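> Quick one: the structure is below, questions incoming.
The values are calculated or read from the model by the stated rules, or taken from the named source; none is laboratory data. Keep in mind that this is a model prediction, so the values were computed, not measured. Cβ: placed from backbone, ideal geometry, glycine included. Neighbour counts: every protein chain shown.
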Amino acid sequence: MQAAVEVIDAEGIEAVSLRSVARRLGVDAKALYNHIESKEALLDAVAGQVLSRMVVPALAGDLRTDLMAIAHAFRIAALSSHREAAVLVLSRPVESLENLAPLEVTLAAFMGAGAEPEWAVHAVRTTLAYMTGTLLREASAGLTLGADDPEIAGPREATLVETGLPHVALAAPYLSRLDHAREFDFGIKILIDAFVRQLEQLSSSKRQR
């Protein structure tokens, strides 16, 4: 798996094959079939290995605090490798039993705050969808309009102002600049606030019955 990551870092995901990994290891490609059944299985294993770097935080007992800690730990783990490897992690299913610790602690955070199991699963999936999309954009430089480099942001701001679109021009100083960590936190906080409010409403409804 480490050899596969090295191939990804050097040549990109498309360059990964059992042959290219074997060449980096200095062995015959046929020998790898004793350990991995296919390229797809290898890529899944690499994704799982990268995500396994996530340091699962201990729960503090406060949903806001716990979800922010889990989200930050996930972001650090997902982006801990080269950009290409990060995209691999975020775009492949990682559902092996070895990687269920983050799921367990997230479900525990929700259920400890009063969520029913089904509601907690919906909340986990919603959170994961947001984090995956946001981190894929960060890792692959997807559509953002903004940049964290002032030398790029400045010209972009001027271009946006010159579009003649009044609201775009007003927002140009903010559209042209992008702090990925701040953007990540902005969305996560909105999600967490929504979760907390809905759980409070559900709890209140139960008490009134």
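> Can you name every residue in the stretch 1-21 that is touching a Leu at 6+ places or on another chain (Cβ under 6 Å) and closer than 18 Å to Ser91 by Cα?
Selection gives Ala4, Ile13.
> Now for a different question. Could you pull out the residue among Arg156, Arg207 that is of a type outside the set (Ser, Thr, Tyr) and exposed (fewer than 14 other Cβ atoms within 10 Å of the Cβ)?
Unique residue meeting the criteria: Arg207.
> Only one of these is modelled with pLDDT of 90 or more and either touching a Leu at 6+ places or on another chain (Cβ under 7 Å) or more than 23 Å from Ala194 (Cβ to Cβ) (or both): Ala123, Ala101, Ala108. Name it.
Criteria check complete, one pass: Ala108.
> Take residues that are of a type in the set (D, E, K, R), at pLDDT 85 or above and within 21 Å of the chain's Cα centre (by Cα) and tell me which of the helices (runs of 4 or more DSSP H) falling wholly in the stretch 2-80 contain 2 or more. So that I can check it myself, show each step before the final result.
On the way: elements: 2-11, 18-25, 29-32, 39-51, 63-78.
Output list reads 63-78.
> Still on this model: Can you tell me how many residues in the stretch 59-86 are of a type in the set (A, V, I, L, M, F, W, C), free of Cβ contacts under 8 Å to residues at least 24 places away in the same chain and more than 12 Å from Ile188 (Cα to Cα)?
2
> Then there's this: Looking only at residues in the stretch 133-162 that are of a type in the set (Val, Ile, Thr) and touching a helix residue (DSSP H, G or I) at 6+ places or on another chain (Cβ under 7 Å), which one is modelled with the highest pLDDT?
Across the stretch 133-162, the extreme among qualifying residues is Val161.
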